[in-house]
Amino acid sequence: AGGWSPLESNEQQWLQVDLGDRVEIVAVATQGRYGSSDWVTSYALMFSDTGRNWKQYRQDDTLWVFTGNSNADSVVHHKLLHSMKARFLRFIPLKWNVGGRIGLRVEVFGCSYKSDIADFDGRSSLLYRFNQKLMSTFKDVVSLKFKSMQGDGVLFHGEGQRGDYITLELQKGKLSLHLNLGDSNLHFSNSHTSVTLGSLLDDQHWHSVLIERFNKQVNFTVDKHTQHFRTKGDSDHLDIDYELSFGGIPVPGKPGTFQRKNFHGCIENLYYNGVNIIDLAKRR
């Protein structure tokens, strides 16, 4: 019996749910207030990790409005096109029954969400050392999620003595991928390629990144936007010496000093060619 009904029915009201932990939300359902003329006919959803910064649920790149109820007791269920990972959820009534007030009963559907997260303080980096001195690859797949308040910082970097390198960095809230498939015989060849995607990525919300390279062909995806491009130069493979660095570019032989600005924020589910880097770091 009952349900939530705020003291005043206006567009400044919301019902906030704390799910106790970050979970994957796949569906929501609503009812009106039991045995009343109080129900919500349309509403928006907002979600948050912290309960401080909020993001509205979007579908097809538009702020999504959910159809609510037409009576007090029928359940209206919505399966989300894109699941949300969040701890906090807000139901925001937009319209309600003309002959009544705002009235809501809600249910949230989902499952637990397991992730590996590393926190970077702007002075740290995570090094992944290879078993051999040189890693030469024709194919690379790097995937991760990040969130940051800083507009600049290196997310990862690898380089080789022949001039090859791969660098992913935030620059003024945009994400830039720099690639050089060098050739030691062509010192003067311009084989450097840079591609920039996204904007306002320093908004302290999670953003997903996927880099897929096969020979010269590269797919660079940030959130749901993909850039397809072909690298310059004559080489098809990427030669990296010893290690990859995540969170910054350490200066060789100078512990604790870095070229360019370090990343300050969180990185989640970081995979390099199928290797779970953060899980490896946890297990030393």
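Every residue, every condition in (1) out of contact with any Lys or Arg (no Cβ under 8 Å at 6 or more places or on another chain); (2) of a type outside the set (Lys, Arg); (3) in contact (Cβ under 8 Å) with a residue 12 or more places away in the chain, yes or no:
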position: Val106; (1), (2), (3): yes, yes, yes
position: Ser112; (1), (2), (3): yes, yes, yes
position: Arg123; (1), (2), (3): yes, no, yes
position: Gln132; (1), (2), (3): yes, yes, no
position: Ser136; (1), (2), (3): yes, yes, yes
position: Gln161; (1), (2), (3): yes, yes, yes
position: Asp164; (1), (2), (3): yes, yes, yes
position: Leu168; (1), (2), (3): yes, yes, yes
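For the range 195-217, the set of residues classified as in a strand (DSSP E or B) and either touching a helix residue (DSSP H, G or I) at 6+ places or on another chain (Cβ under 7 Å) or touching a residue at least 40 places away in the same chain (Cβ under 8 Å) (or both) consists of His207, Ser208, Val209, Leu210, Ile211, Glu212, Arg213, Phe214, listed by residue number.
Please tell me if His237 is modelled with pLDDT of 95 or more and more than 27 Å from Ser115 (Cβ to Cβ). Answer is no for this residue.
The rows are residues; the columns are (1) within 24 Å of the chain's Cα centre (by Cα); (2) among the β-branched types (Val, Ile, Thr); (3) within 18 Å of Trp96 (Cα to Cα); (4) at pLDDT below 95.
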site	(1), (2), (3), (4)
Val26	yes, yes, no, no
Tyr43	no, no, yes, no
Thr50	yes, yes, no, yes
Asp73	no, no, yes, yes
His82	yes, no, no, yes
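Among the residues making up the range 143-165, those that are open to solvent by 10 Å² or more (accessible area, probe 1.4 Å) and more than 20 Å from the chain's Cα centre (by Cα) are Glu159, Gly160, Gln161, Arg162, Gly163, Tyr165.
Could you tell me whether any residue of the range 69-91 is of a type in the set (Gly, Ala, Ser) and assigned to a strand (DSSP E or B)? Full working, then the answer.
Step one: of the range 69-91, the residues of a type in the set (Gly, Ala, Ser) are 70, 72, 74, 83, 86.
Next, from what is left, pick out any that are assigned to a strand (DSSP E or B): 83, 86.
Checked the range 69-91: at least one residue is of a type in the set (Gly, Ala, Ser) and assigned to a strand (DSSP E or B).
When the range 224-245 is examined, which residues are found to be assigned to a strand (DSSP E or B) and free of Cβ contacts under 8 Å to residues at least 60 places away in the same chain?
If we filter the range 224-245 for residues that are assigned to a strand (DSSP E or B), which is where we start, we get 225-230, 238-245.
His225, Thr226, Gln227, His228, Phe229, Arg230 - these are the residues of the range 224-245 that are assigned to a strand (DSSP E or B) and free of Cβ contacts under 8 Å to residues at least 60 places away in the same chain.
In the range 97-110 there is no residue that is farther than 27 Å from Asp21 by Cβ and part of a strand (DSSP E or B).
Only residues that are touching a Phe, Trp or Tyr at 6+ places or on another chain (Cβ under 9 Å), open to solvent by 90 Å² or more (accessible area, probe 1.4 Å) and outside any loop (DSSP other than H, G, I, E, B) were counted in the range 112-131, giving 1.
The values are calculated or read from the model by the stated rules, or taken from the named source; none is laboratory data. The model shown is predicted, which means the values in this text are computed figures rather than measured ones. Note that we place each Cβ from the backbone using ideal geometry, even for glycine, and neighbour counts take in every protein chain shown. Please note that ligands, DNA and RNA were not included when accessible areas were found on the heavy atoms of the full protein model with its side chains. Shrake-Rupley method; radii C 1.70, N 1.55, O 1.52, S 1.80 Å.
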